[in-house]
Amino acid sequence: MPAPVLSKGKPAFQSSISNPFGSPERAVDGSLLSDFDEGNCIQTNKEINPWWMVDLGSTETVKSVAITPRKDCCTEELYGAFILVGELPENGGIFNSKCAVIGSLSRGKTEFFRCGTMRGRYVSVISPKREIFLSFCEVRVFGKTSDFISHDDLPITPPVTSLPKANDDTVLTGPLLSEQRPTSQSSASLPSQSPQKPMDGSIQSGYCVQTLQENDPWWMIDLGSTQTLGFVSITNRKDCCPEQIKGTLILVGDTPHHGGKWNARCAIIPSLGLGIKQIFSCGEMNGRYVTITKPGREKVLSFCDVKVFGKAQNSDKNGLSSTLSSTSADNQQINNHFNSYYNFDLTQNNFAPVLSEGKPAFQSSIFSFSGSPERAVDGSLFSDFEKGTCIQTDRKINPWWMVDLGSTEIVQSVALTPRNDCCTEELRGALILVGDSHDEGGMPNNRCAIIGSLAHGKTEFFRCGMMRGRYVSVVNPKREETFLSFCEVRVFGKASESISPSLPTPSPESQLSTPNASNASDLIGPLLSKQRPTSQSSVFIPSPFLQKPMDGSIQSNYCVQTLQENDPWWMIDLGSTQTLGFVSITNRKDCCPELIKGTLILVGDSPDQGGKWNDRCAIIPSLGLGIKELFNCGEMNGRYVTITKPGREKVLSFCDLKVFGKSSNSKNNVFHDSSSTLSPTSGDDQHITDHGSYYNFDLTENNFAPVLSKGKPTFQSSISNPFGSPERAVDGSLLSDFDEGNCIQTNKDINPWWMVDLGSTETVKSVAITPRKDCCTEELYGAFILVGELPENGGIFNSKCAVIGSLSRGKTEFFRCGTMRGRYVSVISPKREIFLSFCEVRVFGKTSDFISHDDLPVIPPVTSLPKANDDTVLTGPLLSEQRPTSQSSASLPSQSPQKPMDGSIQSGYCVQTLQENDPWWMIDLGSTQTLGFVSITNRKDCCPEQIKGTLILVGDSSHHGGKWNARCAVIPSLGAGTKQVFSCGEMNGRYVTIIKPGREKILSFCDLKVFGKAWNSNTNVFHYFPSTLSPTSGDDQQ
């Protein structure tokens, strides 16, 4: 539901003004431009407690506040500032209630802060208890939301006492722009009421405008070209109905679309008496069209004489603080954020998952095959019906469209994308319904919203609060025969990442590898928290001993308890930045075990506001009385550890807490425990998140999903040339250059297709497609991703996972398939003569809580490779001889990491690590080399099964034993003493790593040799070794 902006043009004040370009009204002028030199921003002097404040004119309900910082500097000065709301203007409102604390901001980027439903007349930004200056560019205060656009709750603009006398146009020294200009209006109640009439100065009813009763009626004048406006005068009717003018808007801009209703607002007209003329300053707004509109449902627009005056020769822009508005360039930026005079409050939808994509959809009738119901949940925001991205019903009574979410869900909001060519009028007045009934398209369900005016092709959001239901419908009720046609519906559910005590708790599996909670000695990392200073937001019973949680006691008198307050916290200072392993916490033993549920553990280097801006280690689930729980912080780095209970009027209470550092023999991948919410702390981690190694992070599910498709057999309808053969799309490379042999291409065919055979029926969660960087995204538009058991005709009879929409060249795009089952995954472009060309397809399967090699596909020996026991046929140079090696651990000291280089396959000359997480062995080739093959030999004396699932990695990073480098191959089962040769397809790298991924694994093998590129090798041959293809180092960077 849209929330009105309460602050625009209201009186503003600040503690001081650094120069005339930094005056306070600039933060409520409606402009989102963030250039101080252009006069868009405010700035105070450097002082103690600098502040800025806006007076809303009366006590209002404040829902949220948006702040736009400068684009060139000064976000650091805003860090830690308060947003305050209340009734007291003294000292910039410093005694008012706190809405929010400003955290880290991006330069020039608007940030939203939610205030709930706070009440107040004054909204302030203040930086307390420090000598600093304030400088920012815009503050928007959003008020109580409304189900539909209604003027009744809008603030009205009082007469501006400094404006010219209303009945004396001669003092408006700017030129009259409106004389003899063409006009138009949405409707006329009588044909004689021509839209030209308001220009003649008469205030008789017969010479005034009156529309029919309709939604958002409007009247518009075309000034012929873009003009700089000074004032607009308007006169109310003299004969009757003076109340009809209240809440009418004056809009100015360059678009005539929908009567100019999307243009910027000059003013809101207040109550005017019979025949009263009022003058409104438009603050030098620029525009060609001036619109008078009455927003709302079933409204009548009625007024008499209108005159538009240009900028007066002696006008002073700075004197029009109540009327400042954006320039035309600014208007474009505002439209990107706010559409019109209403704005959808984005803070309500932060981190809310899309519940509807790919779910079953139905509609009352189907106008044509191109308008079938699933097109509205295909994930595409394209709004072209001809491209097959939209739905359309037949013309019926009560037409409807409905999506089945599969189970009852919490629905927070719904976004609807209309067509870009037509049909927004048919959507006006339609209902969005949510509930558990599917009868008559969900007609008995509860109403989320009524659809008002929509702009062609532009997505509009409708807030549903916290409605619950399985079915979400769009239905057009109680009207003459009509049809529904639109392009996309997105249903957003309960935000999975919102800070709420009802957050999901860690699954039991996630605790499998965590040390015994009752035995701190199992945590062999050092105890970091002993005798370290602590602090907390408040103390329920005053006591000098805030150290209490450190002593191991779980009696209530040795525990922490704060007052009931917003976001209570407790924090320990470790003295310097440390690498953490685990945090243990104990619940109270005497009472109140439920208080701990939803508490957060945060780690970082900032002590501001108790460290509440630091990264999250874990969310604490429900714990029983006196129960201790361990949480894995996965080698997070930080000086401060905070325990906080987010929310309003909360109590924080717990007992003993201990912080343990990284254990001396721990390895990075020990921390796959999903009870923690680790944030990546290194470039490597970010790289893995983006592209993965043998696993990829599936953004749609927040879990690690194995790649099922890499190296599997592929097929396509035709091959345009040898460089476009089908296996190139499953070679693991995200490079997108066709000329380098990274991509596939078919001939121009009817229904061209590409298909991968996963080898067996799998659960397919999502599919990622990487298009070419030079061209061909247009040819992919509208193609289907299909999953199923039928390989005939490229799988055309299989079920649809998704329809591909607009893609950016070279940029990987994800498509969610839910939990579809199938052996074959296809990309097919139906019902048109075209070619297919793209670079990579990654099929992600059933998600797993931790990285386990047991589910990884193993690769059979490649029969076309050189004979395993004859190294002489590997004509490339031997790169590994006498090169230094290292390994994660050794089961016996005599097992030097050099041993595998001597050719022996006796157990005494082989590698064996301790049982540990992700054990590895690595060789340093001295410099980056182009690899041809790697040969490895299994142990001869015992344990041949241990080698299964071991990975060969190649790259230029030695960090963590090279575990983040690209994959050359997965080693299958090998017999005792068997040697196997693996092609690395001319991968580039300095380090070759042998690693056994997983928890509590042993790495064991014998002789290993690394061979460079053979002089007579043909790069194309490597595209037929699906087990060994992997990105080069250049690709790895991408």
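Assorted remarks:
- Considering the stretch 361-494, its Cα convex hull presents a mean projected area of 6.8 nm².
- Placing a label point 7 Å from the Cα of residue 750 along the Cα-to-Cβ line, the residues of the stretch 822-840 whose backbone N sits under 18 Å from it are 828-836.
- Computed from the C-beta positions of residue 422 and residue 368 and an R0 of 22 Å, the FRET efficiency is 0.90 to the nearest 0.05.
- Based on the reciprocal of the average 1/r between different C-alpha atoms, the Kirkwood radius for the stretch 714-845 equals 14.1 Å.
- Gained length - residue 811 relative to residue 354, 0.36 nm times residue gap less alpha-carbon distance: 162.4 nm
- Long-range tail of P(r) for the stretch 183-310 (Cα pairs > 18 Å, %): 46
- Using only side-chain charges placed at the Cβ, +1 for Lys and Arg and -1 for Asp and Glu, the dipole size of the stretch 183-310 relative to its Cα centre rounds to 160 debye.
- Positive-end residue of 888, 927, 971, charge dipole of the stretch 885-1012 with Cβ unit charges: 971
- A 1.4 Å probe run over the protein chains yields, for the stretch 534-661, 37 Å² of accessible area per residue, whole-number rounding.
- Peptides 255-268, 932-945 ranked from most to least packed, by the mean per-residue count of other Cβ atoms within 10 Å: 255-268, 932-945.
- Packing-based order for 355-365, 117-127, using average beta carbon neighbours within 10 Å, highest first: 117-127, 355-365
- Reachable lysines from residue 589, criterion Cα separation under 23 angstrom, eight or more residues apart if same chain: 530, 548, 597, 628, 645, 650, 658
- Residues 731, 573, sorted by accessible area with the largest first, give 573, 731 [1.4 Å probe; ligands and nucleic acids excluded].
- Most to least packed among 107-116, 802-811 [average Cβ atoms within 10 Å]: 802-811, 107-116
- Rounded to the nearest 10 Å², the accessible area of residue 565 at probe 1.4 Å: 40
- Residue 594 paired with residue 98, simple spin-label distance in nm, labels 7 Å along Cα-to-beta-carbon: 2.7
- Spatial extent of the stretch 885-1012: Rg and Dmax, with the Cα atoms as the point set, Å: 13.1, 35
- Gain in span if fully extended, residue 761 to residue 184, counting 0.36 nm per residue against the direct Cα distance: 201.4 nm
- Rg/Rh for the stretch 12-143 stands at 0.92; both radii use Cα atoms, and Rh follows the Kirkwood definition.
- Point-to-point label distance, residue 395-residue 973, nm (Cα→Cβ direction, 7 Å offset): 6.8
- Full extension of the chain between residue 530 and residue 144 yields a length gain of 134.1 nm, computed as 0.36 nm times the residue separation minus the alpha carbon distance.
- Unit charges at the beta carbon, dipole of the stretch 183-310: most positive-side option, 271, 234, 285: 271
The values are calculated or read from the model by the stated rules, or taken from the named source; none is laboratory data. Please read all numbers here as calculations on a predicted model, not as lab measurements. Glycine gets a Cβ as well: all are built from the backbone with ideal geometry, and neighbour counts include every protein chain shown. Calculation scope for accessible area: heavy atoms of the full protein, side chains included, ligands and nucleic acids excluded. Shrake-Rupley method; radii C 1.70, N 1.55, O 1.52, S 1.80 Å.
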